[in-house]
1. For Ile122, indicate whether it is assigned by TED's automatic domain parsing to the domain that holds Gly136 and modelled with pLDDT under 90.
2. Evaluate the following for Ile84: is it hydrophobic (A, V, I, L, M, F, W, C) and outside any loop (DSSP other than H, G, I, E, B)?
3. Which members of the range 63-89 meet the condition of being under 17 Å from Ile122 (Cβ atoms) and at pLDDT 85 or above?
4. Within the range 62-98, take every residue that is crowded, with 17+ Cβ neighbours inside 10 Å and β-branched (Val, Ile, Thr) and give me the one that is farthest from the chain's Cα centre (by Cα).
5. Taking the range 111-124 on its own, how many of its residues are loosely packed, with under 14 Cβ neighbours inside 10 Å, of a type outside the set (Phe, Trp, Tyr) and assigned to a helix (DSSP H, G or I)?
6. For the range 102-110, indicate whether the set of residues that are assigned to a helix (DSSP H, G or I) and closer than 14 Å to Gly67 by Cα is non-empty.
Amino acid sequence: MNKMKIKTAANGLLKNMKMSLPILTGILLLIGLINAVIPGELLAKVFTGRKWLDPIIGALIGGVAAGNPLTSYIIGGELLKNGISLIAVLAFILSWVTVGTVQLPAESLMLGKGFALARNGISFVMAIAIALLTVGTLQLLC
C-alpha cells in the first residue's frame, strides 16, 4: 500500500516538474536579458538603501509586475545578488504574488470594484508591513 502512495506522489512530482520547467527556463532567460539590458547602477539608483523607501518601491514594482511565487523567488534572488536590500526584495516578492494591478479590471468585474480595490490596497500595505517586520525580526535574532 505504501509503495502505491509513493509511486502516485512521484508521478505527481514529475508531472509538476514537467509543467514548471518551461516557466523556469523562460524566467532564467528573461533574467539574463534583464541583467544584460539593465545595469546594476540603475537598480542602485531606483533602490536607495533607505529602510522606509525601499520596501515601498519594491512593493510598487512587484504590484505592477504581478506574477506567480515560483518566478518571484528566482527574480528575488537575482535582485539580492545585485545588492538590493532584503527588505525591498521581500516587499517585491509579497506584492508580486498578492497585489494584482494587471488583473484588477478582471477582478473588479468578477468580484466588484470595491472589493478588488480594497483587497489590492490591503495586500500592498501588508507587503510593506510584513517586509519591515520580517527584517526587523531577523535583526533582533542576529
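The values are calculated or read from the model by the stated rules, or taken from the named source; none is laboratory data. Just so it is clear, the model here is predicted, and its values are computed rather than measured. Note that each Cβ is placed from the backbone with ideal geometry, even for glycine, and that neighbours are counted across all protein chains shown.
1. Numbers: assigned by TED's automatic domain parsing to the domain that holds Gly136: yes; modelled with pLDDT under 90: no.
So Ile122 does not fit the description; no.
2. Numbers: hydrophobic (A, V, I, L, M, F, W, C): yes; outside any loop (DSSP other than H, G, I, E, B): no.
Judged against the criteria, Ile84 is not a match.
3. Across the range 63-89, the qualifying residue is only Gly63.
4. Taking the candidates together, the pick is Ile84.
5. From the range 111-124, those loosely packed, with under 14 Cβ neighbours inside 10 Å are 111-115, 117-118, 121-122; that's our starting set.
Going one step further and asking which of them are of a type outside the set (Phe, Trp, Tyr), we end up with 111-114, 117-118, 121-122.
Pick out the ones that are also assigned to a helix (DSSP H, G or I) and you get 111, 113-114, 117-118, 121-122.
Total satisfying the criteria: 7.
6. Of the residues in the range 102-110, the ones assigned to a helix (DSSP H, G or I) are 104-110.
Checking which are closer than 14 Å to Gly67 by Cα leaves us with 104.
Taking every residue of the range 102-110 in turn, at least one turns out to be assigned to a helix (DSSP H, G or I) and closer than 14 Å to Gly67 by Cα.
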